[in-house]
Each structure stands twice: as structure tokens, then as C-alpha cells.
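Trainee: A single structure is presented below for examination.
The values are calculated or read from the model by the stated rules, or taken from the named source; none is laboratory data. The model shown is predicted, which means the values in this text are computed figures rather than measured ones. No Cβ is skipped: glycine too gets one built from the backbone with ideal geometry, and neighbour counts run over all protein chains shown.
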Amino acid sequence: MTGLLHRLRTVWAARPAADLPTLLDTADPGAPRADRHLWLIALVDALRPADTAAGDTATPLARLGHLLDLLDADPLLARRCRVLLRSVFATADAGTLLADFGFSPRSGFGAELIDRLRLLTLPGTPDTGDLGQLFQMVFHDPRDADWLGAIDAPTLARIERLLVDDHVRGHWHQALIDSVQMLASQVRAVGLSASIRPRIDPTLLADRPFHQLAQAAALLSDAADPHEQQQQINYLRVLLDTCRTAAASVREHLDAWGVSVDVVFQIEQLHERITRIEALLNCLAAAEPAREWQLLTVAFARSVQTRRSVGALFSHHYAMLARKVAERSAATGEHYITRTRDEYVDMLRRACGGGLVIAGTTFLKFFIGAVTLSAFWAGFWTGTNYAASFVLIHLLHWTVATKQPAMTAPAMAAKLEGVVDSDAATEDFVDEVTHLIRTQIAGILGNVLVVAPVVVLMQLAAWALQGAPLIDAHTAHHVLDKLTLLGPTLLYAAFTGVLLFLSSLIAGWWENWFVFHRLDSAIAHNPRIVRWLGRARAQRWSGWWRENISGLAANCSLGMMLGLVPTLAAFFGLPIEVRHVTLSAGQIAAALGTLGVPVLHDPAFWWCVAAIPLTGALNVLVSFTLAFRLALRSRGLKVRDRGRLYAALRRRARSAPGSFLRPA
């Protein structure tokens with residue numbers, strides 16, 4: 001076998017087009033199975049040379065025409081090739097191609113990911129009875145779908161005349177029927193599974209379409225004549241439409257009750273199996289099926305590439321989860337956008353409250369740093385300090401400004417739908433941008449303008465009560481060295497923006513998980529919980545958790561990441577730290593309270609002060625940009641007319657610059 005493979009590759013590599021006759025002369029219907037499959041692989045490689053440019057269908061089609069000319073000129077050679085193809089089909093399971101190819105052998109997303117990684121890393125063997133695996137080895141090139149789809153009708157007719165006989169037609173006809181029956185059974189199994197059936201609209205299951213589909217497919221083999229078979233095919237098509245509609249209702253259930261990646265994956269597989277059954281029925285029903293077989297083969301060739309793409313799997317099946325997470329963030333983000341003067345003042349008040357809590361957080365951080373702890377536990381308790389402070393701010397209905405952008409970005413993305421359709425929609429979007437910018441400015445100002453004076457006052461109180469500040473001079477100088485604009489502060493601030501964005505994703509994921517498992521309903525109605533809390537309190541707890549699960553998840557995850565990520569990065573030798581604008585302002589104010597008035601004459605202090613607005617800007621811009629892009633991609637939106645939006649923003653900046661800073 002190795003010798004034959006080497007000889008075939010040598011023949012093909014020398015002059016592929018001119019050596020087609022030599023390659024055809026090696027066709028041996030009596031060769032071992034692996035050799036027959038290797039011959040088929042080499043034949044298709046000869047039709048599609050390695051130097052063919054992407055999108056070039058002329059070269060493969062010209063070589064295919066040359067191949068057919070050679071077979072036309074030598075009937076004995078054509079017959080030998082037909083017998084070889086017949087032997088290939090006779091020793092391979094056609095169902096693995098028609099019914100199984102392109103689908104995961106298991107129903108879970110994780111199993112499909114592992115399967116794709118296997119296809120990417122492990123070589124296949126041509127000595128196989130799996131026709132789907134053989135197809136992947138024959139049509140392995142990304143360009144195959146293009147030239148296969150470009151074959152015209154006369155060429156298809158020649159291929160059928162020269163390479164397909166009655167035995168092959170009968171074999172594939174029965175394989176089509178068997179595959180339709182297998183697929184129908186799989187569709188029924190998925191549609192009636194415990195994870196899918198409860199989520200289908202009950203009215204769509206009243207006529208038992210999934211049961212009927214499998215029963216109708218089983219009757220295909222019993223058709224007495226082509227007319228009766230055609231009637232059965234038409235009935236199957238009606239049932240397939242009904243099953244597709246029923247499966248589509250699952251998405252509406254997920255929109256209302258949360259998204260599961262595994263459920264989305266199963267629904268996608270169910271839809272694709274229904275589409276495959278329709279394609280197989282088209283091949284069965286067509287009077288001249290060559291064109292339908294061509295479309296099916298092209299679909300298989302595209303599936304070869306799709307099945308090898310891990311990125312496509314993630315982007316496709318996580319799109320719905322990403323959209324739901326973004327939508328939940330958008331619903332939260334609406335509360336962080338102020339549109340009136342009263343809302344603006346309220347946001348400023350809540351930001352001041354957040355700054356007040358962060359003042360205490362600042363000194364707790366210094367206290368944890370002063371305790372002799374291992375790196376991990378220092379990071380853990382620092383993160384716990386941050387998380388507890390953020391949760392307290394959330395429960396008091398105050399705010400930390402930098403948490404807002406990742407939540408408000410999806411709300412802004414939602415408003416982009418249709419924004420370029422009219423000037424009014426564009427102006428409305430510009431209004432939202434001005435509302436957002438001034439909200440962020442109010443939030444940061446409220447945090448910083450409270451945390452800094454309160455920290456200084458606490459330091460002055462410590463001087464008055466105990467004759468010493470709350471942090472020593474060495475720690476204060478370390479703060480100035482660390483937070484200066486002359487160091488990597490801006491890089492760390494941008495990285496902190498990434499953590500802020502990740503916390504919004506975690507919040508959306510937890511809320512989706514909470515809703516998907518209907519935990520609010522469980523808290524409200526579970527008998528044991530009701531006996532423990534009482535009905536009225538259980539109802540209140542249910543509503544409270546449903547309302548606050550996202551905020552709690554966001555604040556806890558953000559706090560722990562701010563504390564632990566630098567520790568974990570240091571473990572791997574990565575010099576990564578975090579720079580949060582409010583926390584940084586508090587630390588600089590603490591250093592001022594320790595070092596006193598003389599530090600105001602030190603340029604190092606003012607370099608730290610200069611870093612504060614830039615840190616805030618990067619915290620906001622990075623987290624907002626990442627969340628905005630995710631929201632756009634999850635909705636399938638593209639800002640095609642960016643210039644129009646930018647021009648509208650510039651006009652607003654010239655005509656009403658104050659609108660970006662304060663409400664009218």
C-alpha cells in the first residue's frame with residue numbers, strides 16, 4: 001500500500017494534467033480497499049492541483065473535462081473505473097455520509113468541541129468503511145466546494161453516463177431511503193428529549209409531528225410505485241415544516257427563560273438534520289437527480305471545512321448566549337444612563353455615596369498589605385475587601401462609576417438598530433451618546449471628589465487622635481512610585497478595563513443561569529423553602545434575588561479579579577497590576593495625608609494626580625468598547641455608516657458642547 005501511495009503521489013506531482021492517463025491506468029477494482037481509496041484520493045487531487053488559486057474553478061473543470069474525454073475514448077477504461085467506484089461504494093457505509101456526516105455523534109457542545117479537535121489533530125486512514133471519513137479525505141481542500149458547484153449540466157450528464165450504472169443507482173436509491181429513515185428517527189429522538197420537549201410550544205406538539213415523521217419515513221420503503229413514493233415524500237415535507245416550526249419555538253422559550261449552550265446546540269443540529277432530510281428527499285423525488293446530487297455534494301464539501309473549525313463552532317453556538325448576556329446587561333445599563341437634570345443629580349449623589357465607601361476600602365487594603373500574608377492570601381483578602389465594598393455600594397443603591405460602561409454599552413448597541421435609516425434616528429443616538437458621556441463624567445467625579453477628601457480627613461483625624469497617620473511614610477512613597485503617570489499605569493488601567501468588561505459578562509452569565517434554572521420560582525414556591533421562610537417572605541426573597549443576582553455577580557467577580565488576577569499573574573512571572581480610578585484616587589489621597597503639605601511641592605505627587613483622569617478614561621473606554629463590540633456582534637449589527645454618526649457627533653460638539661458635561 002505504501003508503495004502504491006508513493007507511486008501515485010510521484011505521478012501526480014510530476015505533471016498532474018498530462019499524467020491523468022497514467023493515473024487512470026492504475027485503476028484496479030480488485031485492489032485492497034485502502035489502495036482503491038488511495039486511488040480515488042489521488043484522482044481528485046489531480047483534478048485540483050496544489051497551485052490552483054482560491055476561486056479558480058476553470059483549472060479543475062478543464063481537468064475534469066480532460067478526464068471525461070479519456071474515459072469517452074476508452075470504453076474498457078471507463079468500465080474499469082465504474083467497477084472500481086462500485087466496489088468502493090459496496091464496501092463503505094453510505095449512511096455515514098448521507099445521515100451522519102456533519103453532525104456530532106453526541107448531543108453536547110463539549111463533545112462536539114472534542115470531536116473537532118480530534119479531526120484537527122489526528123490523521124485519518126483511507127482503510128475505512130466509513131464513507132463520511134473517506135469523503136473528508138477525498139475533498140479535503142477548501143476550494144473543492146467552489147469547483148464542484150461550478151460543474152455545468154452537460155458535464156454532470158457525462159459523469160453520470162460514464163461512471164454511474166444501474167447497480168450504483170439502485171445502491172444509492174436505497175441508501176437515500178435508509179438515511180431518511182435514520183435521520184427521521186434522530187429528529188424524533190431530539191425533539192422528544194427531556195431537554196427539548198418541555199421547551200416546545202405545547203400547541204405545536206398536539207398533532208405529534210415528531211412521532212408522525214418517523215412513522216412516515218418508515219413507509220418510504222413500502223411505496224409500490226414512484227407515484228406512491230412521491231405522495232409519501234410530499235407528506236414528509238409537510239411534517240418536516242411542522243417539526244421545524246416546533247423546534248423554532250424553543251428559541252422563544254430561551255428568550256424568556258434563559259439560554260443553554262447545549263440546548264442551542266441540539267436545536268441547531270435538529271434544524272440541520274431536517275434540512276438534510278429535505279435535501280435527500282429532493283434527490284429521491286427529482287426526475288433528473290444529477291443537479292440535486294451536486295448540491296448535496298457541495299454541501300458536504302463545505303461541511304468538511306466547517307467541521308474542522310473550532311472558531312466557527314464557538315462563534316455560531318455562543319452567539320445566542322452572548323446576545324442574551326448582552327441584552328441582560330442592556331436592561332441593567334438603562335438604569336445607568338441619565339437623561340434629565342433630576343436623574344443627573346441622583347447619579348451624582350449615588351456616585352458620592354460610592355466614593356464614601358471606597359474611602360474605607362482604601363484603608364482596609366493598606367491594612368491587608370501590612371499583615372504578613374502569603375501572596376495568594378493577600379490577593380484573596382484584598383479581592384474580598386473590594387468585593388464586599390462593591391456589594392455594599394450596590395445594596396445601598398450607590399454606584400462605582402467604572403462599572404457602568406460595560407453595562408451601558410449593550411444598551412447603546414441596541415439603539416443602533418435602524419439608526420442610519422433616518423436623520424431623526426441618528427440624532428436620537430447622538431442624544432444617547434451625550435447622556436452617556438455626562439453620566440460617566442458625573443459618576444467618576446462623584447467617586448473621586450468624595451473619596452479623596454474623605455481619605456484626607458480620616459488621615460487628619462488619625463493625626464489628631466493618635467499622633468500618626470493610618471499608613472506610614474514608606475507605604476505613602478511606594479504609592480507615589482507605583483501610581484505615577486511615568487510608569488506603566490496607563491497599560492494597567494486599560495487592563496483593568498478588560499476586567500470590568502469580564503465582570504459584566506460574568507454577571508450576565510449568572511443571571512442567565514439563574515433564570516434558566518428558574519431559581520426565582522423555586523425560592524417562591526418550593527415547599528421546604530416556603531415552610532422555612534413563610535409564603536410572603538419567600539415571595540420577597542424570590543423577587544430580591546431575581547432583581548439583584550446580576551449586580552451581586554458583577555460586584556463579587558470584579559472585586560475578586562482586582563485582588564487575585566495580579567497575584568496569579570505574578571505566579572506566572574507576568575508583571576500585571578490593576579489601576580482602578582476610584583481606588584487609585586483614594587490611595588493617592590492617603591499618601592497626601594501621610595506626607596502632608598510638603599508633598600504638594602513634589603513633582604511625583606502631581607504625576608500621580610495627572611494619571612487619575614487618564615486612568616478613569618481608559619477604565620471606561622476599554623470596558624465600553626469591548627462590551628459594545630460584543631453587543632454588536634451578538635445582534636449581527638454592523639455600523640455601515642460610521643461617517644454619518646461621527647459627523648453628527650461633531651456637529652453636536654460644536655453646537656452644544658455643554659450637553660456632554662451637564663443636562664440642559
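Trainee: Is it fair to say residue 42 is in contact with a helix residue (DSSP H, G or I) (Cβ under 8 Å, 6 or more places away or on another chain), modelled with pLDDT of 90 or more and over 29 Å from residue 152 (Cβ atoms)? It would help to see each step written out before you state the result.
Mentor: Working: in contact with a helix residue (DSSP H, G or I) (Cβ under 8 Å, 6 or more places away or on another chain): yes; modelled with pLDDT of 90 or more: yes; over 29 Å from residue 152 (Cβ atoms): no.
Against the criterion (in contact with a helix residue (DSSP H, G or I) (Cβ under 8 Å, 6 or more places away or on another chain), modelled with pLDDT of 90 or more and over 29 Å from residue 152 (Cβ atoms)), residue 42 does not qualify.
Trainee: So, one more: So which residues in region 169-203 are out of contact with any Leu (no Cβ under 7 Å at 6 or more places or on another chain), more than 21 Å from residue 223 (Cβ to Cβ) and of a type in the set (A, V, I, L, M)?
Mentor: 189, 192, 194, 196, 200
Trainee: Is it true that some residue in region 555-573 is assigned to a loop (DSSP other than H, G, I, E, B) and either under 30 Å from the mean Cα position of the chain (by Cα) or in the same structural domain as residue 366 (by TED's automatic domain parsing) (or both)? Walk me through how you get there before you give the answer.
Mentor: Pass one, region 555-573, residues assigned to a loop (DSSP other than H, G, I, E, B): 572-573.
Add one more test, that the residue is either under 30 Å from the mean Cα position of the chain (by Cα) or in the same structural domain as residue 366 (by TED's automatic domain parsing) (or both), and what stays is 572-573.
Within region 555-573 (the criterion being assigned to a loop (DSSP other than H, G, I, E, B) and either under 30 Å from the mean Cα position of the chain (by Cα) or in the same structural domain as residue 366 (by TED's automatic domain parsing) (or both)), the answer is yes, since at least one residue qualifies.
Trainee: Residue 417 versus (1) part of a helix (DSSP H, G or I); (2) modelled with pLDDT under 75: which is the lone unmet condition?
Mentor: Looking at each condition in turn, residue 417 falls short on (1).
Trainee: If you check residue 604 against the conditions, is it assigned to a helix (DSSP H, G or I) and over 40 Å from the mean Cα position of the chain (by Cα)?
Mentor: Numbers: assigned to a helix (DSSP H, G or I): yes; over 40 Å from the mean Cα position of the chain (by Cα): yes.
Taking the combined requirement at face value, the residue satisfies it.
Trainee: Among the residues of region 574-601, what is the count of those that are under 28 Å from the mean Cα position of the chain (by Cα) and more than 16 Å from residue 619 (Cα to Cα)?
Mentor: The qualifying residues number 1.
Trainee: Looking at residue 167, is it under 26 Å from residue 35 (Cβ atoms), of a type outside the set (Gly, Ala, Ser), modelled with pLDDT under 90 and surrounded by fewer than 14 Cβ atoms within 10 Å (Cβ to Cβ)? Please lay out each step first, then the result.
Mentor: Values: under 26 Å from residue 35 (Cβ atoms): yes; of a type outside the set (Gly, Ala, Ser): yes; modelled with pLDDT under 90: yes; surrounded by fewer than 14 Cβ atoms within 10 Å (Cβ to Cβ): yes.
Considered against the rule, which asks whether it is under 26 Å from residue 35 (Cβ atoms), of a type outside the set (Gly, Ala, Ser), modelled with pLDDT under 90 and surrounded by fewer than 14 Cβ atoms within 10 Å (Cβ to Cβ), residue 167 comes out as yes.
Trainee: Any idea how many residues of region 495-543 are in contact with an Asp or Glu (Cβ under 8 Å, 6 or more places away or on another chain) and hydroxyl-bearing (Ser, Thr, Tyr)?
Mentor: Residues that pass the stated criteria total 1.
Trainee: Also, I was wondering about something else. List every residue pair whose Cβ atoms sit under 8 Å apart, with the two residues 6 or more apart in sequence or on different chains, where the first one lies in region 473-485 and is more than 17 Å from residue 575 (Cβ to Cβ) and the second, anywhere, is surrounded by fewer than 17 Cβ atoms within 10 Å (Cβ to Cβ) and among the hydroxyl-bearing types (Ser, Thr, Tyr).
Mentor: Hits for this filter: zero, empty list.
Trainee: Out of (1) crowded, with 18+ Cβ neighbours inside 10 Å; (2) closer than 23 Å to residue 94 by Cα; (3) at pLDDT 90 or above, the odd one out for residue 161 is which?
Mentor: All conditions pass for residue 161, except number (1).
Trainee: Are there any pairs with C-beta distances below 8 angstrom linking a residue in region 440-459 that is under 13 Å from residue 617 (Cβ atoms) to a residue that is not in a helix (DSSP H, G or I), with the two at least 6 apart or on different chains, and if so which?
Mentor: The qualifying pairs are 441/661; 443/399; 443/400.
Trainee: Could you pull out the residue among 470, 491, 483 that is more than 26 Å from residue 340 (Cα to Cα), hydrophobic (A, V, I, L, M, F, W, C), surrounded by fewer than 19 Cβ atoms within 10 Å (Cβ to Cβ) and assigned by TED's automatic domain parsing to the domain that holds residue 625? Explain how you work it out, then say what you get.
Mentor: Values: 470 fails: surrounded by fewer than 19 Cβ atoms within 10 Å (Cβ to Cβ); 483 fails: surrounded by fewer than 19 Cβ atoms within 10 Å (Cβ to Cβ).
None of the others qualify; the one that does is 491.
Trainee: I'm told residue 555 meets every condition in (1) among the polar types (S, T, N, Q); (2) closer than 13 Å to residue 387 by Cβ; (3) out of contact with any His (no Cβ under 8 Å at 6 or more places or on another chain) except one. Can you identify the failing condition by its number?
Mentor: Answer for residue 555: the failing condition is (3).
Trainee: Under 7 Å between Cβ atoms, which residue pairs at least 6 apart in sequence (or on different chains) link something in region 549-565 that is within 22 Å of residue 523 (Cα to Cα) with a partner that is part of a helix (DSSP H, G or I) and at pLDDT 95 or above?
Mentor: 552/391; 556/387; 556/391
Trainee: Here's a check for you: in region 115-158, which residue that is closer than 15 Å to residue 97 by Cβ and of a type in the set (Phe, Trp, Tyr) is surrounded by the most Cβ atoms within 10 Å (Cβ to Cβ)?
Mentor: 139
Trainee: State which residue pairs qualify: first residue at pLDDT below 90 and inside region 384-413, second residue surrounded by fewer than 24 Cβ atoms within 10 Å (Cβ to Cβ) and not in a helix (DSSP H, G or I) in any location, beta carbons under 7 Å apart, and separation of 6 or more residues or different chains.
Mentor: Partner pairs satisfying both residue conditions: 408/337; 411/337; 413/637.
Trainee: OK, next. Test residue 548 against the criterion of being surrounded by fewer than 16 Cβ atoms within 10 Å (Cβ to Cβ), part of a helix (DSSP H, G or I) and of a type in the set (S, T, N, Q), and give yes or no.
Mentor: Numbers: surrounded by fewer than 16 Cβ atoms within 10 Å (Cβ to Cβ): yes; part of a helix (DSSP H, G or I): yes; of a type in the set (S, T, N, Q): yes.
Taking the combined requirement at face value, the residue satisfies it.
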